[in-house]
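The values are calculated or read from the model by the stated rules, or taken from the named source; none is laboratory data. Not measured: the values here are computed from a predicted model. Neighbour counts are summed over all protein chains in view; Cβ atoms, including those assigned to glycine, are modelled from backbone coordinates with ideal geometry.
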Amino acid sequence: MANAMDVNDPSNFVRLQYLQQHQYRNRLVDFRAQSVSDTQILEGIRDAWHNHHYLLDPHTATAWHMLKENGGKGIIVATAHPYKFEDVIVNALGFYPQEWIKTWESGSIKSISVPADYFAIREPHPCL
């Protein structure tokens, strides 16, 4: 369901290794690998929707599940829009929220820019 999350040697991991070895040696925590089932991904989509009215794509729902499993404190960066996974969303919720389709098609998705710096993302952004 979230096949992009099923990677043995993710290309971005080398960036995190660089940070660990050079700039922020004592600030990053250890990494672990865990599995998230399709059922848990669907549960994550339902949980975020029902409790926060936020629609997750399957990849972000994978991270959502792991964040909750590990104490709920951290940052999740969504890199896909649920619009691309309508069949999965319908499977999870029983419907696809029309307001999310309109948001995608209108181009009215909001974003914020942050500096490319580890410390810039440690504190919540003022607009969040």
(request) Being hydrophobic (A, V, I, L, M, F, W, C) and at pLDDT below 85 is the filter; apply it to the range 48-77 and report the residue that is farthest from the chain's Cα centre (by Cα). (result) ILE75
(request) Being outside any loop (DSSP other than H, G, I, E, B), farther than 22 Å from GLN98 by Cβ and among the small types (Gly, Ala, Ser) narrows it down to one of ALA63, ALA33, so name that one. (result) ALA63
(request) Out of the residues in the range 83-115 that are modelled with pLDDT under 85 and surrounded by 11 or more Cβ atoms within 10 Å (Cβ to Cβ), state the one that is nearest to the chain's Cα centre (by Cα). (result) TYR83
(request) With respect to LEU19, determine if the residue is modelled with pLDDT of 70 or more, of a type in the set (A, V, I, L, M) and part of a helix (DSSP H, G or I). (result) yes
(message) Criterion first (out of contact with any strand residue (DSSP E or B) (no Cβ under 7 Å at 6 or more places or on another chain) and modelled with pLDDT of 90 or more) does ALA80 satisfy it?
(response) no
